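The values are calculated or read from the model by the stated rules, or taken from the named source; none is laboratory data. The structure presented is a predicted model; accordingly, all values stated were derived computationally and were not measured. So basically every Cβ, Gly included, is an ideal-geometry build from the backbone, and we count neighbours across all protein chains shown.
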Amino acid sequence: MTLEFIADPTYLRSIIRVSLTVSLTAIVLSTLVSLPIAFAVGFADFPGKRLLTAIINTGMGFPSVAVGLFVLLFISNDGPLGTLDLVYTPEAMVISQCILAAPVITGVALSAVESVDDAVRDAAYGIGGTRTDVALITLKEARYGVLTGILAGFGRAISEVGSVLIVGGNIAYADGTSKTRTITTAITFETRRGEFETALALGAVLIVLVLLVNGIVLRLGGR
């Protein structure tokens, strides 16, 4: 890989594209799983609820390299998903980021749901609202916390290094475009090569992405 290749805008754009595609896909899938769990746990009272909440909160701190290793073993040739040939693919990176982001989204959303005043739910039931109506009203009241959870999950996913490096391999094609190289793994790679300008440029892109998403969430939450 030559210096000209490192500086090629096509190379940088492909890294950004792969990062956004993988992380946004992971966040969408994680949100589809996490929000129903958060609402189900938040609305229900059952034996073991506190234990389940503790497990969710513990999941928010999963070591990324351990998750990457677990996913790699699961998708390797000898693993349960070995026939799908997912090793060193963007799909494997999505799986890894989903596992890391889902507990974050679930935990923050659950906290937001539980913080909604019981009087709001009682009033909704009092006027004849169904369970679905009450859930929608609760979602409206907890929307800022839910959006914050999604933002936190995106931040965990887009800034991930260890697990995506293990399952993705940090691979670029011969023509200079990224296959599984993300912004974070590229920063690590370029720093080790001494290409600090490229690493700094990618770091600036990462910061801008996080600030942009944060701004969108703040704007939506203020409505």
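Criterion first (of a type in the set (Phe, Trp, Tyr), modelled with pLDDT of 90 or more and touching a helix residue (DSSP H, G or I) at 6+ places or on another chain (Cβ under 8 Å)) does PHE189 satisfy it?
Against the criterion (of a type in the set (Phe, Trp, Tyr), modelled with pLDDT of 90 or more and touching a helix residue (DSSP H, G or I) at 6+ places or on another chain (Cβ under 8 Å)), PHE189 does not qualify.
From the list VAL65, VAL104, VAL71, VAL94, pick out the single residue that is surrounded by fewer than 22 Cβ atoms within 10 Å (Cβ to Cβ), assigned to a helix (DSSP H, G or I) and under 17 Å from the mean Cα position of the chain (by Cα).
VAL65
For residues in region 147-201 being more than 22 Å from ALA101 (Cα to Cα) and aliphatic (A, V, I, L, M), which is surrounded by the fewest Cβ atoms within 10 Å (Cβ to Cβ)?
ALA174
Among the residues in region 27-43, are any free of Cβ contacts under 8 Å to residues at least 12 places away in the same chain and either touching a helix residue (DSSP H, G or I) at 6+ places or on another chain (Cβ under 8 Å) or among the basic types (Lys, Arg) (or both)?
No, every residue in region 27-43 fails to be free of Cβ contacts under 8 Å to residues at least 12 places away in the same chain and either touching a helix residue (DSSP H, G or I) at 6+ places or on another chain (Cβ under 8 Å) or among the basic types (Lys, Arg) (or both).
Residues in region 76-92 that are within 15 Å of VAL164 (Cα to Cα) and among the charged types (D, E, K, R): how many?
1
Based on this model, can you work out whether VAL87 counts as part of a helix (DSSP H, G or I) and among the hydrophobic types (A, V, I, L, M, F, W, C)?
Spelling it out, it is not the case that VAL87 is part of a helix (DSSP H, G or I) and among the hydrophobic types (A, V, I, L, M, F, W, C).
Given the residues LEU110, LEU12, LEU35, which is the only one that is surrounded by 18 or more Cβ atoms within 10 Å (Cβ to Cβ), out of contact with any Gly (no Cβ under 8 Å at 6 or more places or on another chain), of a type outside the set (D, E, K, R) and under 28 Å from GLY145 (Cα atoms)?
One residue alone meets the criteria, LEU35.
Filtering region 148-158 down to residues that are modelled with pLDDT of 90 or more and small (Gly, Ala, Ser), which residue is nearest to THR184 (Cα to Cα)?
Looking at residues that are modelled with pLDDT of 90 or more and small (Gly, Ala, Ser), I get ALA157.
Is there any pair with a first residue in region 187-201 that is within 16 Å of SER159 (Cβ to Cβ) and a second that is crowded, with 20+ Cβ neighbours inside 10 Å and basic (Lys, Arg) whose Cβ atoms are under 9 Å apart and which are 6 or more apart or on different chains, and what are they?
Note: pairs meeting the criteria are PHE189/ARG181.
Tally up the residues in region 162-181 that are more than 14 Å from SER19 (Cα to Cα) and in a loop (DSSP other than H, G, I, E, B), please.
4
Is there a residue in region 48-58 that is aliphatic (A, V, I, L, M), under 22 Å from the mean Cα position of the chain (by Cα) and under 26 Å from SER178 (Cα atoms)?
The answer is no, given that none of the residues of region 48-58 is aliphatic (A, V, I, L, M), under 22 Å from the mean Cα position of the chain (by Cα) and under 26 Å from SER178 (Cα atoms).
Looking at region 38-51 only, could you name the residues that are buried (at least 16 other Cβ atoms within 10 Å of the Cβ) and not small (Gly, Ala, Ser)? Give the steps one after another, and end with the answer.
Keep residues of region 38-51 that are buried (at least 16 other Cβ atoms within 10 Å of the Cβ), which gives 38-39, 41-42.
Across region 38-51, the qualifying residues are PHE39, VAL41.
Got at least one residue in region 14-34 being within 30 Å of PHE189 (Cβ to Cβ), among the hydrophobic types (A, V, I, L, M, F, W, C) and modelled with pLDDT under 90?
no
Looking only at region 126-139, decide whether some residue is part of a helix (DSSP H, G or I), surrounded by 17 or more Cβ atoms within 10 Å (Cβ to Cβ), hydrophobic (A, V, I, L, M, F, W, C) and modelled with pLDDT of 85 or more.
For region 126-139, residues part of a helix (DSSP H, G or I), surrounded by 17 or more Cβ atoms within 10 Å (Cβ to Cβ), hydrophobic (A, V, I, L, M, F, W, C) and modelled with pLDDT of 85 or more: absent.
Can you confirm whether PHE189 is of a type in the set (Phe, Trp, Tyr) and under 19 Å from THR25 (Cα atoms)?
So PHE189 does not fit the description; no.
If you go through region 147-162 one residue at a time, do you hit one that is over 23 Å from ILE207 (Cα atoms) and touching a residue at least 24 places away in the same chain (Cβ under 8 Å)? Talk me through it step by step, then tell me what you get.
Keep residues of region 147-162 that are over 23 Å from ILE207 (Cα atoms), which gives none.
No, region 147-162 contains no residue that is over 23 Å from ILE207 (Cα atoms) and touching a residue at least 24 places away in the same chain (Cβ under 8 Å).
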